[in-house]
Amino acid sequence: MFLPMLFRRQKGRLILSVAGIALGVALGYGVHLVNRAAVEDVAAAVRTLAGEADLEVRGARGGFPDSVYVAVARVPGVELASPVLELDAGIAGGARIARTIRVVGVDILRAAALQPNLVLEDRYQLLAPDKAFLSASAAEALRLGKGDELHLMVGQKSVRLFVAGVLPAASLRGNAVLTDIATAQWRLDRLGELNRLDVRLSRGFNKEIIIKKIQDLLPPGVHVSQLQTLEEASGYPSRSYRVNLNVLAMVALFTGGFLVFSAQALEVARRRGEHALLRVLGTTRAQIFRMVLAEAAALGAAGAAIGLALGYALAIVAMKASGGDLGAGMFRGSIPELHLSLLSALLYFVSGIMVAVAGAVLPALDAARTPAARALKAGDEQLMFQRLSPAWPGLACIALGAALAFPGPIGGVPVFGYAAIACILVGSIALMPWVSKKVFEFLPLPRQPGLALALAQLRAAPGKAAVSLAAIVASFSLMAAMAIMVSSFRQSVDAWLDTVLPAELYFRTTHAGDTGYLEPGFEEQVRALPQIARADFLRSGRILLDPARPPLVLIARDRAARAFPMVGGQGPGNVWVSEAVSDVYGISVSQTVIFPLNGKNHPFVVAGVFRDYARQHGAVLMERADYVALTGDRRVNDAALWLAPGVTPAQAMDAVRALPGGGALEMAAPGEIREASLRIFDRSFAITYAMEAVAVIVGLFGLSSSLGAMVLARRREFGMLRHLGLTRGQIGGMLAMEGGLLASLGAAAGLAAGAAISLVLIYVVNRQSFNWSMEIHWPVGFLFSLVLVLVFLAVITAMLSGREAMGMAAVRAVREDW
């Protein structure tokens, strides 16, 4: 009975509440669908390639001798072992759509027994030299088919493979090419080398015992794992990114909850007399409480249902536009498929209802607790939320948030950091009745009657002011916090690039990959060029310390101590580790650590910890001379060039390209690299910007709705003021001042809360999620502009609402008081 009447009378504000819940649910459900599809696709790729294997022996891309395969195959309890060489190879020709491709070399006879999906009618074509099958994704991306040629970069040479066919999508996922293991070893210059073994065990043997026996046979840096561990590890690289996206989506839903709070609080205030009359007629406090919550639940259910449909549509659009990584570049070559889940849809539907109900709890309590006799008196709505005026609940929440910022992560996820943000936000909003009362009492009364009345109104009704301030503080604080965090991150990346790009020209072999390198002879030719004053070279590799985590990047370069900005203390030693390595593995300065290189364990002393934004999962840095002495590997991947006096970058590029094999190099000046790096940064945060904008828009609509509802509820007051001689212009100025004061106070409180939240984001959430440190940077101009926009919109909204409220005759407005 009450819901249809409520909708007819207040449909605009209720539609806005439904829209807030719908947007929150849509963002949460859409992000969940995309993340779930991407992770399942990557895990499915692991399962597809492993097939019916029980264990997998895996080393870093450097590999291990194929004699390990023979030893493992002879372990009692090993029914079948299938050797694999899996590498990322650069694509010759600089294709923009795909820079690298995953080359999977298998023994097709053994692989067919483990991977049923690879059993093709013409699979024995792989036994012919240089034959390969493309995955469906690679064939589409490279526009190649049966009979075409695929050219790969190995060192500075181009290697040709003949496409024997295209595999079904379920056989090989991502941008990949399947070839015979002999072809892969020969053509990729990895003779006698493997980097993976797929192992199936015989029945009746203890798996743990077999794992231990196999591990004892493996060289340092090579590990044996169960397939489940590898599936979980496949989603590890993107886990922090996905968790943060989900939290952002929940922020939008949280903001929608404040819209419901605002709408329900103002509706309860408007219907105060109606609820009192129901109490007089026999309705109990509990029934009033349940009625208000039922109205909110109906709003939440409507919003959640719309949000689920909208979220699915958003997921489809986002997948097509940005891929499974939503633009972050973590699932290159992945084309996941969206799958609806009844359980997840039900959870998001229930969450929409619960958030709406939570937003209505305080208004429902206020409606139920207000004595009927008092509520029937005119002006009683000014006293709403009097119980919230003490400051201690808000201060307690903020103190709890500060305390929660100190514990470490749980399973690599900053759970306490997110809880700290929630407590600071809730505490800041809970403080607003007390803060607004103190601030408005402190301000002197102006001499103008309209402005004096505006300030007196805000002083007399701090609870109603807090309702409007809740939406402002919730959205503006989160927006300010994200703006400060992103600005700090971007400025820190910019400063980091200044340190890591000191040279005048850079070149590299391929965009990424394991087969790109320069021979030592080419290095000497570059150093001998008259256009080059100095050249520092770099060799990169990988170290696998934990099969459940991504491998570390090994960086061996000339003048290593000056390559990256150092953080923390420094001491004597021969390796440096990035912040991620220090945090995840607990490695500190002056500590002796063991790292596997070239199949042997070597002790190193950590000389320092460096900042590295390019390799999220960790890097180890050492002098190239030490690396060459330990491994004998004199190849390089990248170079930094300082030019001779009077030589331009273009002249140096021409000189390098004129060398044998120089035409295949990528060259760029530091300015180009900086621009490209910051462009990648902005693309990675594009979804963050979009979700932040949604939260701000929802908050602004909430402000407009609250001000409009408050103004419309005061029509009798305006009529009385007109009888007392105030003009429409004076009343309009009064409303403009109310809106401006509310927005200014809300923006100030939002900035304060946002600054506190940004500290948690920068020093807790970001550090525990991505293991990066950064310096804080305050985007003063941007935040000031947003404050001005917010105040301007509040003033305009209040004035427009006032014109509507004053549109009726003054006598009609006050007739209810006669």
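The values are calculated or read from the model by the stated rules, or taken from the named source; none is laboratory data. As the structure is a computational prediction, the values presented were derived from the model and not from experiment. Ideal geometry is used to build each Cβ from the backbone, glycine not excepted, and the neighbour counts take in all protein chains shown. The area values use the complete protein model at the heavy-atom level, side chains included, leaving out ligands, DNA and RNA. Shrake-Rupley method; radii C 1.70, N 1.55, O 1.52, S 1.80 Å.
The table below lists the values:
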item	result
Selection status of A748, small (G, A, S), at pLDDT 80 or above, in a helix (DSSP H, G or I) and open to solvent by 30 Å² or more (accessible area, probe 1.4 Å)	yes
Residues within segment 464-507 that are of a type outside the set (D, E) and in a loop (DSSP other than H, G, I, E, B), tallied	3
Pair list, Cβ under 9 Å, 6 or more apart: segment 351-375 residue over 23 Å from A304 (Cβ atoms) and aliphatic (A, V, I, L, M), other residue part of a loop (DSSP other than H, G, I, E, B) and at pLDDT 75 or above	A368/T284
Meets criteria (under 22 Å from S540 (Cα atoms) and open to solvent by less than 20 Å² (accessible area, probe 1.4 Å)) for A676	no
Check on S492, touching a Pro at 6+ places or on another chain (Cβ under 7 Å) and at pLDDT 75 or above	no
Verdict on G733 being open to solvent by less than 10 Å² (accessible area, probe 1.4 Å), of a type outside the set (A, V, I, L, M), in contact (Cβ under 8 Å) with a residue 24 or more places away in the chain and part of a helix (DSSP H, G or I)	no
Residue in segment 106-127 that is in contact (Cβ under 8 Å) with a residue 12 or more places away in the chain, closer than 22 Å to T515 by Cβ, open to solvent by 40 Å² or more (accessible area, probe 1.4 Å) and in a strand (DSSP E or B) present	no
Where A625 falls short, out of the listed (1) closer than 18 Å to A561 by Cα; (2) touching an Asp or Glu at 6+ places or on another chain (Cβ under 6 Å); (3) not β-branched (V, I, T)	(2)
Scan of segment 184-230 for residues that are among the acidic types (D, E) and either surrounded by fewer than 19 Cβ atoms within 10 Å (Cβ to Cβ) or modelled with pLDDT of 90 or more (or both), ordered by number	D189, E193, E208, D216
Subset tally (residues that are of a type in the set (V, I, T) and within 16 Å of G412 (Cα to Cα)) for segment 763-780	2
Single match in R447, R459 (criterion: outside any helix (DSSP H, G or I) and either at pLDDT below 80 or surrounded by fewer than 21 Cβ atoms within 10 Å (Cβ to Cβ) (or both))	R447
Of residues in segment 58-93 being touching a Gly at 6+ places or on another chain (Cβ under 8 Å) and among the charged types (D, E, K, R), the one least open to solvent (accessible area, probe 1.4 Å)	E86
Some residue of segment 29-51 being of a type outside the set (D, E), surrounded by fewer than 20 Cβ atoms within 10 Å (Cβ to Cβ), at positive phi and modelled with pLDDT under 70	yes
Pick from segment 400-419, criterion assigned to a helix (DSSP H, G or I) and in contact with a Pro (Cβ under 9 Å, 6 or more places away or on another chain), ranking: nearest to L761 (Cα to Cα)	G417
Residue match in segment 646-657 (condition: free of Cβ contacts under 8 Å to residues at least 40 places away in the same chain, open to solvent by 60 Å² or more (accessible area, probe 1.4 Å), not in a helix (DSSP H, G or I) and not hydroxyl-bearing (S, T, Y))	yes
Unique match (being over 26 Å from P65 (Cα atoms), crowded, with 22+ Cβ neighbours inside 10 Å and in contact (Cβ under 8 Å) with a residue 12 or more places away in the chain) among A138, A169, A176	A138
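Each row is one residue, and each column tells you yes or no for (1) at pLDDT 90 or above; (2) in contact with a His (Cβ under 8 Å, 6 or more places away or on another chain); (3) not charged (D, E, K, R).
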position	(1), (2), (3)
L85	yes, no, yes
A95	no, no, yes
Q115	no, no, yes
L118	no, no, yes
E121	no, no, no
L127	no, no, yes
F133	yes, no, yes
